[in-house]
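Remarks on the structure that follows.
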Amino acid sequence: MYTSKIVGHSSYLPENILTNDDFSKFLDTSDEWIYSRTGIKQRHVSKVNTSVLCTNAANILLEKFNIDPLILDAIIVATSTPDYTIPSVSALVQGNIKASNAMAIDINSACSGFVFALSTADKYIKCGNYKNILVIGGEVTSKQLDYTDRTTSVLFGDGAGAILLQRTDDNTGIISEKLETHGDKHDFIVSGFTGVNNTLNKEDGYPYLSMKGRDVFNFVTRVVMKNIISTLENVNLTIDDIDFVVPHQANIRIIEVLARKLKCDPSKVFTNIDKVANTSAGSLPIILDEMFNNDSLTLGSKQNILLTAFGGGMSCGSLVITL
Ligand code: UT7
C-alpha cells in the first residue's frame, strides 16, 4: 500500500507589515490589548491577490528542491479568499508555474483548509494514480476585513505556504487523521456573502468577515481537544509519542489551553503567531516551513508531528504525520 511523504516545503509572506501600533492609529485598540488577548504583534498585508502569493510559494518550493513542474500530477490549494469564483486559485497557479500535467482543485474549509487539503492529497496518492502533489495553503484575508471592526481586523494576516507530497511505500506520511464539520455552528465565522441578485430577488448582506469570538474560543477548547485525543488514540499513540504539536495559529491563549489540557511539554509546541497573526489556510504550511528551516523538523527523520486546525464551518481536523 502506498503512503505519502513530505519531500518539500516553502512559504511566502508579503513584504508589507501592519503592527498593532499601526492599528491603534485608526481604531480604538492598543498593542497591549491585542498582544495580551491573542499573542499577535504584527501581520503581513498583501497588495496582490491570493493566486500570486500561492504561485510565489510554489515557485520557491520548485526552485529550492529542484523540482520540474512537469512531474506534478495535482495541485490542491486550500483557500477561502480566492481571486475569483471561477477560475480556481489552483488553476491559476497551475498555469503560472507551467505544471501542465497536473489537475488542479481548490478546497475551502476556512482555517482548517490545509489539513483537509493534505488529507485529500494523501487519498489521491493512496489510490495509486498520483505520485507528486503540490499542496498549498494561501490567503489574502485582508480583502475580507472590515477595518472599522476592531474585533476582527486585528486578528488576521496574509500569506501562503506549500508542501510537496510524494508517493512512497516506506510507512511514512499521514498515519492517523480525524476531520470534522459542525455545520450547525456555521454562524460562528461568516465571510464573503454574495446574495442572490437577479430578476427574481436581490439580497443584501454584510460582505466582510464577522466572528463570534467567544463562541469560537469555547468551540475550540471543547471540540478540538476531543478531536486531537481521538486522532492519537486511533493509532494507540499518546502525546509523549509526538515530537512536535503544530497548531493552527489563531490565538496564543487557545494554543496554551490546548497544550495544558494535553499535558504537552510547551517546548514541543512551536508558535509564530506574534509575527504572522492568523493566516487561515496558510497558517500550517507557513509554520511548517519555518520549523523545517530552523531545523526543528527534518525531512525523512521519522519524527512524528501532530497538525491540528479549526475554523469556519465550523470545521476542525488533526493529522499525525511521520516525516
Ligand atoms: O481560525 C479561527 C479564528 N478565530 C479564533 O480563533 C477566535 C477565537 N476567539 C478569540 O481569540 C477571542 O475571543 C478574541 C481575541 C477574538 C476576543 O477576546 P475576548 O477576550 O473573547 O474578548 P471579547 O470578544 O469578550 O471582548 C471583550 C472586550 C469588548 O469590549 P466590551 O464590550 O467589554 O466593552 C470588545 O469590544 O474587548 C473589546 N475588544 C477590543 N478592545 C480593544 C474586542 N476587540 C478589541 C480590540 N481592541 N482589538
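Here, each number is a calculation from the coordinates, and none is a lab measurement. These figures come from a predicted structure and were not determined experimentally. Ideal geometry is used to build each Cβ from the backbone, glycine not excepted, and the neighbour counts take in all protein chains shown.
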Longest DSSP-loop-exposure-free segment, GluC sites (Glu not before Pro), the chain, at most 11 other Cβ within 10 Å: 16-202
Which value, to two decimals, describes the C-alpha radius of gyration of region 183-323 once divided by 2.2 N^0.38 Å? 1.22
How big is region 162-206 by the Kirkwood estimate over distinct Cα pairs, in Å? 15.8
Value of relative contact order over the chain, rounded to a whole percent, pairs C-alpha under 8 Å and six or more apart: 26
The distance between the Cα centres of region 130-181 and region 30-82, in whole Å, is 8
Expressed as a percent, the portion of alpha-carbon pairs in region 86-245 spaced more than 25 Å apart is 48
Residues M291, M314 in order from fewest to most other beta-carbon atoms within 10 Å are M291, M314
How high is the FRET efficiency from F26 to I86, r the C-beta distance, R0 30 Å, rounded to 0.05? 0.30
Gain in length, M103 to K261, computed as 0.36 nm per residue apart minus the alpha-carbon separation, to one decimal in nm? 52.8 nm
Based on the Kirkwood radius over alpha-carbon pairs, what value in µm²/s does the Stokes-Einstein equation return for the translational diffusion coefficient of region 1-145 at 25 °C and 0.890 mPa s? 149
Charge dipole of the chain about the Cα centre (unit charges at C-beta), most positive-ward option of F26, I321, S11: I321
The Rg/Rh figure for region 107-200, Cα atoms and Kirkwood Rh, to two decimals is 1.08
Listing V269, V89 from the residue with the fewest other Cβ atoms within 10 Å to the one with the most, what is the order? V269, V89
Looking at the chain, do any whole DSSP H helices span at least 18 angstrom along their long axis by alpha carbon and average -1.0 or above on Kyte-Doolittle, and which? 50-64, 113-126
Which value, in Å³ per residue, describes the convex hull spanned by the Cα atoms of region 267-314? 100
Expected 222 nm ellipticity per residue - DSSP helices of 4 or more, -39500 (n - 2.57), all of the chain, to 500: -8000 deg cm²/dmol
Treating the beta-carbon of each Lys and Arg as +1 and of each Asp and Glu as -1, no other charges, what is the dipole magnitude of region 44-159 about its Cα centre, to the nearest 20 debye? 180
Are there any trypsin sites (Lys or Arg not before Pro) in region 226-323 that are in a DSSP loop and have at most 11 other Cβ atoms within 10 Å? List them by number. K263, K302
As a test of understanding, state the convex hull volume per residue of the chain from its alpha carbons, in Å³. 139
Loop sites in region 1-108: trypsin sites (Lys or Arg not before Pro), DSSP, at most 15 other Cβ within 10 Å: K25, K47, K98
Quickly work out the H182-to-R37 label distance, labels modelled 7 Å from Cα along the C-beta direction, and quote it in nm with one decimal. 2.1
